[in-house]
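Here's the structure we're looking at; comments come further down.
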Amino acid sequence: MILMAAFAGLMFFTSCKKNDDTLTINFAAPPSTTIVKSGTVKVITENNVRFHVLEFGKTVTSTIVETENAITIVDVGFGLIANSGQELRAYADSIKKPMNIIITHDHRDHFMNLEHFNDIAVYAEAKSASLLLADTNFTNVYKGNVIAVNGSQSIDGLDYMFGDISNTEAPENGYISIPSLQSFFPGDLTFNKAHTFIRDYTPLDGTDELTGWINSLQYLKNQFGSYKHIFVGHNGYSDNVSDLIDANIAYLKDAQGLIKGTKKLTNGAYASTVKQVVDELALLYPDYGPGGLYLALPDAFYPGDPGALWF
């Protein structure tokens, strides 16, 4: 019995060790990045967690949170990016651990690849879950179990906090934090050096989504600005949460000023068309990826699409 106990203790010690009262996991080698041919992979390893940030098509991000015994995928991306769903599933399967999925909100570029994950449970903040289940785009691709969450949810030993903000980039934008890992997942409430989807801003109907969005970002900065990690829905990851949120606030203020006529174009005139606003934001932020800005233009979704209703 003493020998068996000593052996068990040795096995435990070789698999993990204490470092400043934090469990350290010796993770196996990560899957080969060659699995993801339509994107890139960045792996961030800490004492007791490993994050895999998969960026498909240079714009759509899926993040895998790996613990000792399981993985959770936050958003699964867009089926129109060739093979991204198959590659994400193959990469996740290669980790060889049970998996769960979180979908942040009801936009197709965050859930369409669920057709490859119908055997996996999906978690979503309650308001977003209701929209997802009412969306035929979602129900056509996913036939599995959707778990609506209010507040805190334990998923494989980690406590995830689910929150929601209404009438910003989408009717409901869920966001998630993992306080024990100082990690924040804002979905599309923030972008990382990518043009934001502001098409749904409707200044003509009395609903000021951009002011609400800006105020919400300030709230999120107060809540999570000191965290270590922010994993966004587009363009991946940053280790400076506060600065990234500030950059998004500045972008939205510029966009709002151009649309409302409180900010002039570079040529000294005021914008009067959607295209002028789009072109000016592209000029002001030349190093930003395409993001969702160009979906504001006429004909973006279908021939005859009027585009954003800003003027």
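Report, in cubic angstrom per residue, the convex hull volume of the C-alpha atoms of the chain.
Numbers: hull volume 44.9 nm³, N = 311.
So the per-residue Cα hull volume is 144 Å³.
Past the 21 angstrom mark, what percentage of all C-alpha to C-alpha distances in segment 158-311 do you count? So the pairs more than 21 Å apart make up 44 percent of the total in segment 158-311. Candidates Ala282, Tyr160, Tyr302 compared by Cα position along the dipole of segment 154-311: farthest toward the positive end lies Ala282, with charges placed on Cβ.
Gain on full extension, evaluated as 0.36 nm per residue between Ser130 and Phe311 minus their Cα-Cα distance, stands at 62.0 nm. Cβ-to-Cβ counts within 10 Å put Leu293, Leu284 in ascending order as Leu284, Leu293, the fewest first. Taken about its Cα centre, the chain carries a charge dipole of about 520 debye when Lys and Arg each add +1 at the Cβ and Asp and Glu each add -1 at the Cβ. With the simple spin-label model, which puts each label point 7 Å out from Cα in the Cβ direction, the Ala82 to Lys42 separation comes to 2.6 nm. Approximating the spin labels as points 7 Å out from Cα along Cα→Cβ, the Asn215-to-Asp93 distance works out to 4.8 nm. When the listed pairs Lys228/Lys275; Lys42/Lys127; Lys193/Lys275; Lys97/Lys143; Lys193/Lys228; Lys193/Lys264 are checked against a 28 Å cut-off, the alpha-carbon distance exceeds it for Lys228/Lys275; Lys42/Lys127.
Max-minus-min Cα coordinates of segment 8-188 on each principal axis give 53, 36, 26 Å, with the largest extent listed first.
Counting only residues at least eight positions apart within a chain, or on another chain, the aspartates and glutamates with an alpha carbon under 12 Å from that of Lys263 are Asp254, Glu280. When each of Tyr91, Tyr160, Tyr237 is scored by the number of other beta-carbon atoms lying within 10 Å, the sequence from fewest to most is Tyr237, Tyr91, Tyr160.
Here segment 82-122 is scanned for amide nitrogen atoms under 16 Å from the site 7 Å beyond the Cα of Ala28 along Cα-to-Cβ, giving 90-99.
The order of Glu66, Glu280, going from fewest to most other C-beta atoms within 10 Å of their C-beta, is Glu280, Glu66.
With the simple spin-label model, which puts each label point 7 Å out from Cα in the Cβ direction, the Asp287 to Ser226 separation comes to 2.9 nm. Near the amide H of Thr104, within less than 5 Å, lie the amide hydrogens of Asp75, all on another chain or at least 5 residues away, with H placed in the peptide plane.
Coordinate-derived values only; no laboratory data. As the structure is a prediction and not an experimental result, all values here were calculated from the model. Cβ: placed from backbone, ideal geometry, glycine included. Neighbour counts: every protein chain shown.
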